[in-house]
Amino acid sequence: MFLLIFLLQLSPPLNVQVFDTPNDKGKSISIKWKLSPDDSVLSYYEVFRTTDKKHEYYSRGIVLRGLNKFDDSTQDGEKYWYKVRAVSPTDFADSEPLGPVISYAQWFHHKRWNALILGIVFCGLVLWYIKKAKHGGSLFIRKISGLEAVDDAVGRATESGKPILYLTGLSDMSDVATIASLSILGRVAKRAATYGTPLLVPCYDPIVMSAAQEVVKQAHMEAGRPDTYNESKIFYLTADQFGYAAGVNGIMLREKPGAVFLQGYFFAESLLLAETGNSIGAIQIAGTPATTQLPFFVAACDYTLIGEEMYAASSYLSKEPTLLGSIKGEDFVKLIIIIVISIGILLASLSSFGILKTSASNFINWFSGF
């Protein structure tokens, strides 16, 4: 066999194509070819490159026989020439050099038209609902019991002459859950300032403490009670997880707050905090996107905000048209996605039974770009 290969001239790869890699951020050139007629006896293909056609080519990598594509890393704006070599144990054959070719970044991924359409629909719905809300149109937002009970919890603590305890979770300011917690804190602090109820905010992170102090201070000013603001009530406790839990539990047992708010991202300490609050008879409103901790809050607290309910709190409580319009637009986009997924599942099911073929696969391929 090897003697026959040696006597016959080896065929190079055919129809070599060199082009800028499509739909990428640049710095890549793709090389494709048709397999050599002698592919079965080859060891591999080797791709060569040069930046000047007159200079020597140097190897950029090898591709196993049976494969016909190679992506090469490049510098955008520079010209390159390529050739592909078919290599057998005894011989090799080069394709004709191709070039020059230049890599560049694409502005738009041409296989993501579906994402563009969804983006346009999303923005259109949000803007339309914002405009509707600003012109006095009514936007229905599902009632969230935990947020409806905020004022009741503050009122209960006020009537019993007890303070309010507010926890922002164990994440820092880079966490969206912490930002959402601070927006709820603003509403609680404003009500507490109006009723003259003490508000305690022990913090796990010093940056969150500073942000919480500003939020509470602003709430007192909006309530017309800047003189009642006490910065020492919003304080840094510790950055140790269970040290923080022990410290907060101690505060609960000593101060006996009438209302406890646990809003933010919590971890294994969630049940320790919620059980202690439950044992002192405080009304508790919890909220977290941490799915592993939600069962503990549901079991030990009076109300629990689940996932996105917490993120929607600022819109729900303030009734700001811009925020409400954004929520309504997002909800309708989710509805559209659910409908599209349902259609895709139906078509895929029909396709699996042989009832539909082309239409189902095209729809699934179009939607997979999301």
Given labels modelled 7 Å from the Cα in the Cβ direction, how far is it in nm from Ala268 to Ala239? 2.0
Would you compute, for the Cα atoms of region 47-109, the largest minus smallest coordinate along each principal axis and list the three values in descending order, in whole Å? 45, 30, 15
Rounded to the nearest Å, what's the spacing between the alpha carbon centres of region 305-336 and region 286-301? Just the number, please. 21
Projecting each Cα onto the charge dipole of region 35-149 (Lys/Arg +1, Asp/Glu -1 at the beta carbon, about the Cα centre), which of Tyr44, Leu127, Ile144 comes out farthest on the positive side? Ile144
Ratio of Rg to Rh over region 10-101 (Cα coordinates, Kirkwood Rh, two decimals): 0.97
Considering only C-alpha atoms, what is the centroid distance from region 167-227 to region 39-88, in Å? 62
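Full-extension gain between Leu139 and Arg225, please, as 0.36 nm times their residue separation minus the C-alpha to C-alpha distance. Before the final figure, lay out the partial values.
Numbers: separation 86, 0.36 × 86 = 30.96 nm, distance 3.23 nm.
The Leu139-Arg225 span can extend by a further 27.7 nm.
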Say R0 is 41 Å: what FRET efficiency, to the nearest 0.05, do Glu308 and Lys27 get from their beta-carbon distance? 0.60
About its Cα centre, how strong a charge dipole does region 10-101 have in debye, to the nearest 20, once Lys and Arg get +1 and Asp and Glu get -1 at the Cβ? 100
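Placing unit charges on C-beta atoms (Lys and Arg positive, Asp and Glu negative, everything else neutral), compute the dipole magnitude of the chain about its Cα centre in debye, rounded to 20.
Taking the Cα centre of the chain as origin, the dipole is about 980 debye.
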Residue with peak Gaussian network fluctuation, the chain [Cα springs, cutoff 10 Å], from Gly119, Gly77, Gly196: Gly77
Note the listed values [x] 32.2, 102; [y] 19.2, 58; [z] 28.0, 95, then indicate which one is Rg and Dmax of the Cα atoms in Å calculated from this particular structure. [x]
Which of rounded, prolate, oblate describes region 145-311, given a ≥ b ≥ c as roots of the alpha-carbon gyration tensor eigenvalues and a/c under 1.5 marking rounded, otherwise prolate only if a/b is larger than b/c? rounded
GNM, the chain, Cα, under 10 Å: largest mean-square fluctuation among Ser315, Ser349, Ser181? Ser349
Can you list the aspartates and glutamates whose alpha carbon sits under 14 Å from that of Lys190, skipping same-chain ones fewer than 8 residues off? Asp151, Asp152, Glu214, Glu222, Asp227
Which residues in region 162-177 have a backbone N closer than 19 Å to a point placed 7 Å from the Cα of Ser210 along the Cα-to-Cβ line? 168-176
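Just so you know, all these numbers are worked out from the coordinates, no wet-lab data involved. Treat the numbers as computed from the prediction; the structure is a model and nothing was measured. We place every Cβ from the backbone using ideal geometry, glycine too, and count neighbours over all the protein chains shown.
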